[in-house]
Amino acid sequence: MLPPPDVEFTTIPEPAVVGIPLELPDQSTPGAGSVIAWTWTMDVQVLGTESSIPALFEDVGTYTVCLTVTTSNQCVAEECGPIEVIPAEVVAPNIFTPNNDGKNDALEFLYLEFLPDNHLTVRNRWGSLVYEKSGYRNNWFGDDLAEGVYYYVLRIDGREPKEGYVHLVR
């Protein structure tokens, strides 16, 4: 009996971003022989039959993509895997209320969990730095700061900085 192919594929770029074309290249090890046929599917839809295919996702979410390969020895194997599609933009808040009521207590940027390579700075109205964190995880509660308006700059690797004002209300 011939060894079956070990099917693998990657996503370029990783992670996938809504509305930005990506490439799904086959990274399989054929086992015996060589890979001669590819079938890429998502749900019941065939996406392509080449060793590498382009893809475009229009909505945020997790999609299951499957790759079936056939070798020259007629061995067939399939691998399915999730593709996480993140939004093109992080959505910034304009207010947060750190009053321990369990609602809106932290300065939270929507979809930031998909972009861990970030750096956040927050300044008061006089320009003094009141908070700074690399790898911010939506977990700042305003410390002991007074109510007021604060200026933030959120830098995310490979993207334009997101900056604006957020109102802290206790």
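Select, from Gly31, Gly102, the only residue that is among the small types (Gly, Ala, Ser) and more than 20 Å from Pro3 (Cα to Cα).
Answer to the check: Gly102.
What are the pairs, 6+ residues apart or on separate chains, where a residue within segment 2-29 that is open to solvent by 60 Å² or more (accessible area, probe 1.4 Å) has its Cβ under 7 Å from a residue that is in a loop (DSSP other than H, G, I, E, B) and acidic (Asp, Glu)?
Gln27/Glu8
Within segment 163-170, can one find any residue that is within 15 Å of the chain's Cα centre (by Cα) and closer than 30 Å to Pro21 by Cα?
no
Are there any pairs with C-beta distances below 7 angstrom linking a residue in segment 55-76 that is over 22 Å from Pro13 (Cα atoms) and of a type in the set (Gly, Ala, Ser) to a residue that is open to solvent by 20 Å² or more (accessible area, probe 1.4 Å) and assigned to a loop (DSSP other than H, G, I, E, B), with the two at least 6 apart or on different chains, and if so which?
From segment 55-76, the pairs are Ser72/Gly33; Ser72/Ser34.
Looking only at segment 158-166, decide whether some residue is among the hydroxyl-bearing types (Ser, Thr, Tyr) and loosely packed, with under 14 Cβ neighbours inside 10 Å.
yes
Looking at segment 30-57, which of the residues that are hydrophobic (A, V, I, L, M, F, W, C) and open to solvent by 80 Å² or more (accessible area, probe 1.4 Å) is nearest to the chain's Cα centre (by Cα)?
Leu56
Among Ala92, Ala77, Ala55, which is on the phi < 0 side of the Ramachandran plot, of a type outside the set (Asp, Glu) and touching a Pro at 6+ places or on another chain (Cβ under 6 Å)?
Sole residue among the options that is on the phi < 0 side of the Ramachandran plot, of a type outside the set (Asp, Glu) and touching a Pro at 6+ places or on another chain (Cβ under 6 Å): Ala77.
Could you say whether any residue in segment 104-124 is part of a helix (DSSP H, G or I), without any contact (Cβ under 8 Å) to a residue 60 or more places away in the chain, of a type outside the set (Ser, Thr, Tyr) and open to solvent by less than 70 Å² (accessible area, probe 1.4 Å)?
yes
For segment 7-52, how many residues meet the condition of being in a loop (DSSP other than H, G, I, E, B) and small (Gly, Ala, Ser)?
Residues that pass the stated criteria total 7.
Considering only segment 140-158, I want to know if a residue exists there that is touching a Ser or Thr at 6+ places or on another chain (Cβ under 7 Å), among the β-branched types (Val, Ile, Thr), without any contact (Cβ under 8 Å) to a residue 60 or more places away in the chain and not in a loop (DSSP other than H, G, I, E, B).
Yes; the residues of segment 140-158 include at least one that is touching a Ser or Thr at 6+ places or on another chain (Cβ under 7 Å), among the β-branched types (Val, Ile, Thr), without any contact (Cβ under 8 Å) to a residue 60 or more places away in the chain and not in a loop (DSSP other than H, G, I, E, B).
Take the residues in segment 78-100 that are more than 26 Å from Thr62 (Cα to Cα) and either of a type in the set (Lys, Arg) or open to solvent by 80 Å² or more (accessible area, probe 1.4 Å) (or both); name whichever of them is farthest from the chain's Cα centre (by Cα).
Only one residue fits best here, namely Asn100.
Failed condition for Glu132, given (1) open to solvent by 90 Å² or more (accessible area, probe 1.4 Å); (2) in a strand (DSSP E or B); (3) within 26 Å of Pro13 (Cβ to Cβ); (4) not polar (S, T, N, Q), with all others met?
Answer for Glu132: the failing condition is (3).
Restricting to segment 58-77, and then to whatever is exposed (fewer than 15 other Cβ atoms within 10 Å of the Cβ) and part of a strand (DSSP E or B), can you tell me which residue is farthest from the chain's Cα centre (by Cα)?
Once the filter is applied, the top-ranked residue is Val76.
The values are calculated or read from the model by the stated rules, or taken from the named source; none is laboratory data. Note that the structure is a prediction, hence the values are computed from the model and not measured. Ideal geometry is used to build each Cβ from the backbone, glycine not excepted, and the neighbour counts take in all protein chains shown. In case anyone asks, the SASA skips ligands and DNA or RNA and just uses the protein heavy atoms, side chains included. Shrake-Rupley method; radii C 1.70, N 1.55, O 1.52, S 1.80 Å.
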